[in-house]
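Written below as C-alpha cells is the structure these notes are about.
The values are calculated or read from the model by the stated rules, or taken from the named source; none is laboratory data. Keep in mind that this is a model prediction, so the values were computed, not measured. Cβ placement follows ideal geometry from the backbone for every residue including glycine, while neighbour counts extend to all protein chains displayed.
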Amino acid sequence: MKVWREVLDSCPGLLCCVINLNGRLIYATNGYKAAASRLFGHECTEDRAYPPMITEIDRALHDILTSAALGRTSSIEVSEDKKIWQVTASPLRLDSTDRVAGVILRIIPGESVSSSQKQIMQSSPDILNSVPFRAGVVNQSGDFLAVNKFLASSSRVNLIGHNISEFIENDDISEILLRRSGWFECTMIGIKDGENFYSFSDSDYLDKDFINDKDIYESESGAAEIRNIRIHASPIKWNGSDEIMLTFEDFTDFKKIHEQLRRVLTFDNHTGVLNRRGMEHMILRDLSASIKYSSQLSLIMLNIDNFREILEGTGYLSGGRLIRDFVRITKKILSSRQKSVLGRWSDNEFVILSQCSGAAGVVLANDIRRLSDGVKLSAGVADLNDGAYYGVNEFIAAAYDAMTDAKRSGGNKTKLAHR
C-alpha cells in the first residue's frame, strides 16, 4: 500500500483511484476521496467493493469500470451546479498489448461554459478569457485566430497566426477540423512544463496547500518540454463566421502515473527486477513464441537454501542486503548471456528465463551457484524442447519440481527436469 500511495500522491492535484479486477478499491488520493464524497456521496474505503451500487451514478460508474476492465477507456459526465465533471475509467495494463491488471478511475473538470454561451461568443478577449481552462479559436485550416490568457501563458510562442499542426504530432487533426467537433490525443511541443492545462485554482476538491505551491507545477528552469495533450473541438461563432474552439487537457502527469503504476504491478520494489506477475507475463510471451518458431527456451528456478538461517542469525536487514547482492551478482553474470531475464518469484526464490538449451541452463545455474559467495542455492531447470510443455503452468511446475528435488537431496545443487 505504501508504494501505491507514493506513486499516486507523487502528482498533487490528480484526482484518481485504482481498482483491481475483483472490483475492490486499492488506493485513492485525498483529492479523489473529497471529490467522490461531494459528487457521488461515496466513502472510499480501501479493500472494499467500489462503487457501492446504490444510486444511478454508481451504476453508471460500474458500467465504465466494466468497460475499462475489458480494455476500453470510457467516461461519463457528472454535473454539479453549473460545473461539469468528467469521470474517466482507463485500463491499467502490464504493457501496451497484455491483459488488463486493474482500472484507474479519474475525475477531471469538464466544460462549464454552456452551449448557448459558445454560440454567441464573439471576438471579445474578455469572453474567451472567461473560459476556465486552456482554450483557443482556430479556423477550419487550423490557424489560430485567438487564444485566452491560460493558453497564452502556457506557450513559448505567440500562437496567433500559427497553425495548430506546427505544434502537434497527430494525423487526426484534419478530420476533426473538417467536422468542427470531436477530440484526439497527441504530443505537443513548445509548451511550458507548468501547471495542468485545466485551472484547478477555484476547485473545492483539492488541497489548497498543493494549489498554492507553484514549485510543484513549475520546474526551476521553466524549460519547454513535449507534453501529452487531449484536444477537444467544438463549433462556435467568431466574428460572424463558423469557427472552432479548441480546449486543451494536459494528461502528461497522469500518463507518468500510469507508467509508474504499471511498474508497481510488474517489478519487485526491493530489487528492481521483475516480480512474479511480471515474470509470468514474460514466460507466457516467450513460451508462445518459442513453440511457434521452434526455438530454444529454458526456465531456471533458484532457491536460497540458507535464507532462513541468515534471517534468524543476522536479522532482516542483513537478509535484505544478501538478496540485493545476489541480484547484483546474478545480473552481472546474465549480462554476458544473451536474452536471459531475471525475476523474483518469492522472498528467497528467483527465476531466470533464458533462450538456451537445458544443458546450457544447467551450466548457467551452476555458474551462479559458484559465484554467489556465502549463498547456498538449489536450482531446477526445465528445457522447453525436452518435454511437452504447452502451458505456462506445466513449464513452471517442471522447473519448480526439479528445484524442490535438488533441495530434498541435500541442497546446493542443480537438477534438470525430465518428462
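Of note:
- Taking the criterion of being at pLDDT 90 or above, among the small types (Gly, Ala, Ser) and either at positive phi or over 34 Å from the mean Cα position of the chain (by Cα) (or both), the only residue of segment 381-402 that qualifies is ALA402.
- Residues in segment 325-372 that are aliphatic (A, V, I, L, M) and in a strand (DSSP E or B): VAL341, LEU342, VAL351, ILE352, LEU353.
- Whether a residue is part of a helix (DSSP H, G or I), under 26 Å from the mean Cα position of the chain (by Cα) and either modelled with pLDDT of 80 or more or outside the structural domain of ASP81 (by TED's automatic domain parsing) (or both) was assessed, and ILE191 does not pass this test.
- The condition (being surrounded by 15 or more Cβ atoms within 10 Å (Cβ to Cβ) and either assigned to a helix (DSSP H, G or I) or of a type in the set (Asp, Glu) (or both)) is satisfied by just one residue among GLY313, GLY319: GLY319.
- Any hit, segment 206-216, residues being buried (at least 18 other Cβ atoms within 10 Å of the Cβ), at pLDDT below 85 and more than 19 Å from ASN148 (Cα to Cα): yes
- Residues in segment 237-253 that are part of a strand (DSSP E or B) and not basic (Lys, Arg): TRP238, SER241, ASP242, GLU243, ILE244, MET245, LEU246, THR247, PHE248, GLU249, ASP250.
- The lone criterion from (1) β-branched (Val, Ile, Thr); (2) assigned to a helix (DSSP H, G or I); (3) touching a strand residue (DSSP E or B) at 6+ places or on another chain (Cβ under 8 Å) left unmet by VAL375 is number (2).
- Close pairs from segment 398-414: first surrounded by fewer than 17 Cβ atoms within 10 Å (Cβ to Cβ), partner part of a loop (DSSP other than H, G, I, E, B) and modelled with pLDDT under 95, Cβ under 8 Å, at least 6 apart: ASP401/ALA417; GLY411/ASP305; GLY411/LYS376; ASN412/ASP305; ASN412/LYS376
- Residues of segment 8-32 that turn out to be touching a helix residue (DSSP H, G or I) at 6+ places or on another chain (Cβ under 9 Å) and either assigned to a strand (DSSP E or B) or not small (Gly, Ala, Ser) (or both), as a count: 16
- PRO91 vs. criteria within 24 Å of GLU6 (Cβ to Cβ) and modelled with pLDDT of 85 or more: yes
- Exclusive hit being under 24 Å from THR252 (Cβ atoms), assigned to a helix (DSSP H, G or I) and outside the structural domain of SER130 (by TED's automatic domain parsing), set ALA89, ALA60, ALA101, ALA35: ALA35
- For segment 254-268, the set of residues classified as part of a helix (DSSP H, G or I) and either touching a residue at least 40 places away in the same chain (Cβ under 8 Å) or basic (Lys, Arg) (or both) consists of PHE254, LYS255, LYS256, ILE257, HIS258, GLN260, LEU261, ARG262, ARG263, VAL264, LEU265, THR266, listed by residue number.
Yes or no, residue by residue, for (1) closer than 30 Å to ILE164 by Cβ; (2) among the acidic types (Asp, Glu); (3) assigned by TED's automatic domain parsing to the domain that holds PHE167:
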site: LEU246; (1), (2), (3): yes, no, yes
site: GLU280; (1), (2), (3): no, yes, no
site: GLN296; (1), (2), (3): no, no, no
site: ARG321; (1), (2), (3): no, no, no
site: ASP325; (1), (2), (3): no, yes, no
site: THR330; (1), (2), (3): no, no, no
site: ILE333; (1), (2), (3): no, no, no
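- Here THR55, THR29 are screened, and the one residue that is of a type in the set (Val, Ile, Thr), surrounded by fewer than 17 Cβ atoms within 10 Å (Cβ to Cβ), without any contact (Cβ under 8 Å) to a residue 40 or more places away in the chain and in the same structural domain as TRP85 (by TED's automatic domain parsing) is THR55.
- Of all the residues in segment 16-26, those that are free of Cβ contacts under 8 Å to residues at least 60 places away in the same chain and surrounded by 13 or more Cβ atoms within 10 Å (Cβ to Cβ) number 3.
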